[in-house]
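Worksheet for the structure shown next.
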Amino acid sequence: MRDIVRNFKKIIAGGNRDSDSDESQPLLSSTSTSSSSSFESIFNRFRATSESEQGSESENCTLVSPNPLQSNLIRNKCRHQQDSESDLEPTVLTVSAAEHFFYNNDNSYVRIADLIRHDPMNIQTNQNAPKPPLSSGEASFNGFMDYKDSETHTHNSVVTIFAIWNTTMGSSLLAMSWGIQMAGLFPGIAINILIAALCLYTCHLLLTVNEKHGMPGIDIEVSHLCQNLLGKWAEVLAKIFSIVVLLGADIVYMILMSNFLYNSVYFLYDLLTNPADPMEANATVLCLKDTIINVSAHSALLNPISATQSLFEKVWDLYSTVPVILAVIMFCVLNFKSPTFFTKFNSLGTISVMYLLMFVAVKAYSWGINISDWSAEFQLKSTFSALSGMLSLSYFIHNIIISIMRNNRHQEHNGRDLTIAFGLITFTYLFIGILFYISFPLAKSCIEDNIFNNFSKSDTMTIIARILLLFQLFTVFPLISFMLRKDILGNINQIFKNYTFGDFTYGRVMFLNACLLIICVLFACFLPKIGTLIRYTGALSGMVYVFMLPNMLKMASLKKRHKLSTIKTVWHIFIIIAGALNLLSQFFIND
């Protein structure tokens, strides 16, 4: 779920918006800033204005609404009223369908031409009349899937597919081998494919629901669909768990950045103090579990370890000083008014994934296959739910999938492009997870939830990977934090109806950033296990956003269209129950 914000910003934002002067600059968010008002507020204003006009249109036919849709209706009705005084023939009106559409009570789109045809004023449309030439701001409208906003920069299928692939790839890559170790090799492969298929299916559900009940030309998100089809409670739930996902991502990224910074500086220290042979530990593979056991068993003989530590080792500690130092550095960065600068490093995501693929391939080639008993790899371990919980976050893109696919040039290919993207994601996860697992030369239980921890600080390829990922995460963390801040302030605005609270002030921003960094530092110091955090965050947010909301939205959509059958109801409820069991099972396993 890494890089929710930074990857393919232009696809999401619909153009190049590199203004640095405004805190409200649109970036990818769980609740789009360009559509903060709900469906009801938009269309209630339209209906209220229309009703008031019907009572006074004879007195004030010169009224022009700031809404183009309302203005056209007013002008058309006034023109008919004036013409009817001199001619009893009904006015023949050609309606340009490009800009006239209305959201009906049954959540379907109706052309204004159809509304006028049934209007008591007896205005008729001439379906056979040639349409006037479209202006530069208009586009032909032949249904929802064909709607195009001329000001939005659309992209071809290849760009859309790689946008989904690059956005979804995240910190789970480093923990995938650990997840397979928790489930068993072949059961892990089956669980990975199963969860990928379920996430693809529920993503597609969101797209189909948005196709039926969304609003062309307006940035509609999952939370808006929840409010419209399920109620306010579902909208609140969607927003809360979008924030949970962003917060979980920040915590995991802080832990990883602390780890990469600690090891990178430690390598430089060793290089300066022991320059004789800094490459001597290149071939060393570590099993930290054995190290911890040995230290614990001989602690009485070793005496306090801190007594033998150098001053550098006391000051530069992974679980105390390093997270605090990193937090101080990040605090200065997070207080920028706009994070646009960090969006310039979009390519780092692809580069880091490609390097990680190469890293695992080279290590696996040097180790060879190390499986002593293949038959044991078919057995499902009791801790398999650690992998299913982690995968719920690994394939999590549901809160932004509508935004990404909105700018696909060929909307009719959305399903195909989404399937191809998920296929690439699944292949990447399985390639890294399986290859590292089957070639790892030590006991499989030694595999860490961050595979870099299995290598010496002096391993050359590992050092390059850590430095590359450190720089990448250093640019991603501010973007995630920016969107987290925007979501929190925006939701407070909606709750308290105070639409100035979300404005940029250094006092509010510094307070929120300080709270965020304190939370991240506490986890980095006392619970630095990214596997545990990913599986709990994934299982919790996945239950809501992957398993529950898409299926409930689909059932509500089918019910409104009178197409909800018993079989479909049972199927969607079964998926929701599976998500709940996935979450519950996380509390019964140990890492």
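The values are calculated or read from the model by the stated rules, or taken from the named source; none is laboratory data. All values derive from a computational prediction rather than experimental measurement. No Cβ is skipped: glycine too gets one built from the backbone with ideal geometry, and neighbour counts run over all protein chains shown. Ligands, DNA and RNA are excluded from the accessible area calculation, which covers all protein heavy atoms including side chains. Shrake-Rupley method; radii C 1.70, N 1.55, O 1.52, S 1.80 Å.
Checking 402, 397 one by one, the residue that is open to solvent by less than 50 Å² (accessible area, probe 1.4 Å), in a loop (DSSP other than H, G, I, E, B) and closer than 27 Å to residue 234 by Cα is 397 and no other.
Within the range 366-387, can you find the residues that are open to solvent by 10 Å² or more (accessible area, probe 1.4 Å) and part of a helix (DSSP H, G or I)?
Once the filter is applied, which keeps residues that are open to solvent by 10 Å² or more (accessible area, probe 1.4 Å) and part of a helix (DSSP H, G or I), the range 366-387 yields 366, 367, 374, 375, 376, 377, 378.
Taking helices (runs of 4 or more DSSP H) as the structural unit, those lying wholly within the range 491-585 and holding at least 2 residues that are closer than 28 Å to residue 330 by Cβ correspond to 506-526, 530-541. Among the residues in the range 498-508, are any among the hydrophobic types (A, V, I, L, M, F, W, C) and out of contact with any Lys or Arg (no Cβ under 8 Å at 6 or more places or on another chain)? Looking for residues that are among the hydrophobic types (A, V, I, L, M, F, W, C) and out of contact with any Lys or Arg (no Cβ under 8 Å at 6 or more places or on another chain), one finds none in the range 498-508, hence no. Annotation note: Cβ proximity below 9 Å between a residue of the range 348-362 that is more than 22 Å from residue 447 (Cβ to Cβ) and a residue that is β-branched (Val, Ile, Thr) and open to solvent by less than 10 Å² (accessible area, probe 1.4 Å) (sequence gap 6+ or interchain) occurs for 348/475; 348/476; 349/167; 349/476. Would you pick out the residues in the range 448-481 that are hydroxyl-bearing (Ser, Thr, Tyr) and either farther than 18 Å from residue 267 by Cα or assigned to a helix (DSSP H, G or I) (or both)? Residues satisfying the conditions are 460, 462, 475, 481. When each of 219, 277 is tested for being of a type outside the set (Val, Ile, Thr), modelled with pLDDT under 90 and surrounded by fewer than 16 Cβ atoms within 10 Å (Cβ to Cβ), the lone residue that passes is 277. Whenever a residue of the range 205-217 is over 15 Å from residue 227 (Cβ atoms) and of a type in the set (Lys, Arg), its partners that are assigned to a helix (DSSP H, G or I) and at pLDDT below 90, lying with C-beta atoms within less than 9 angstrom and at least six residues away or across chains, give the pairs 212/144.
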